[in-house]
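Below is one structure, written out as structure tokens; the observations come after it.
Please treat every number below as a calculation from the coordinates, not as lab data. Bear in mind the structure is a predicted one, so any value in this text is a computation, not a measurement. Methodologically, a virtual Cβ is constructed for each residue, glycine included, from the backbone with ideal geometry; neighbour enumeration extends over all protein chains shown.
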Amino acid sequence: MQAGGRPQGDEAPLDTLDREIREELGCSIDRETAEFDGAFEAPAALEAGYIVIADLYRVQLIGEPRPSAEIEELAWVSPGNPDRLPLAPLTKEHVFRRYEKHARRESPTLRLQIGS
């Protein structure tokens with residue numbers, strides 16, 4: 001799963017993203033690099049019968065990500081080897097496909113993509 005969460009009140013998507021990254025990964029985003037990559041839906045990984053609606057952004061992080069809040073561990077997973085860990089449907093069905101699309105156009109550096 002990606003770090004992310006629900007907006008609080010009338011919070012803007014980038015504000016939600018930055019707050020969630022700070023809370024869950026202990027770093028922040030460089031807003032100048034934020035690129036909206038689309039809105040996607042997928043079955044919720046931990047709540048049967050629910051659908052996750054996520055706005056995905058490509059961003060550069062400021063600082064080193066580390067597990068915080070409800071995040072227990074971090075793992076960098078290659079889209080070419082997704083079966084290494086159990087992955088949320090949003091990750092398998094949308095995030096990795098978006099990454100592969102962008103990787104074909106630019107250098108193969110994985111950028112963290114977050115749902116809001």
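With θ set to phi - 60°, apply the Karplus curve 6.51 cos²θ - 1.76 cosθ + 1.60 along the range 27-41 and write out the HN-Hα couplings as whole Hz, x wherever there is a Gly or Pro.
9, 9, 10, 8, 4, 4, 9, 5, 10, 5, 10, x, 10, 9, 10
Percent of alpha carbon pairs in the range 43-103 separated by more than 14 Å?
Taking all Cα-Cα pairs of the range 43-103, the fraction more than 14 Å apart is 68 percent.
Only loop residues by DSSP count here, and only those with at most 15 other Cβ atoms within 10 Å; note down the GluC sites (Glu not before Pro) in the range 1-95 that meet that.
When the GluC sites (Glu not before Pro) of the range 1-95 are filtered for loop state and at most 15 Cβ neighbours within 10 Å, Glu11, Glu47, Glu70, Glu72, Glu73 remain.
Ala75 versus Ala39, label points 7 Å from Cα toward the beta carbon: distance in nm?
With each label placed 7 Å out from Cα toward Cβ, I get 3.2 nm.
For the chain, with a Gaussian network of springs between Cα atoms less than 10 Å apart, report the residue from Ala44, Ala103, Ala75 with the top mean-square fluctuation.
Per the Cα network of the chain with a 10 Å cutoff, Ala75 tops the list.
Each residue of the range 84-90 in turn: what ³J(HN,Hα) in whole Hz from Karplus with 6.51, -1.76, 1.60 and θ = phi - 60°, glycine and Pro shown as x?
Calculated HN-Hα couplings, in order: 4, 9, x, 10, 5, x, 4 Hz.
Starting from the range 14-62, pick out the chymotrypsin sites (Phe, Trp or Tyr not before Pro) whose DSSP state is loop and whose Cβ has at most 12 other Cβ atoms within 10 Å. Don't skip to the end; give the middle numbers.
Details: sites: Phe36, Phe40, Tyr50, Tyr57; in loops: Tyr50.
Passing both the DSSP loop test and the Cβ count: Tyr50.
Can you list residues whose amide H is under 5 Å from Val52's amide H, if they're 5+ apart or on another chain and H is modeled 1.01 Å from N?
The answer is Ala42, Ala44.
How big, on average over all directions, is the shadow cast by the Cα convex hull of the chain, in nm²?
Across all orientations, the chain yields a mean hull projection of 7.3 nm².
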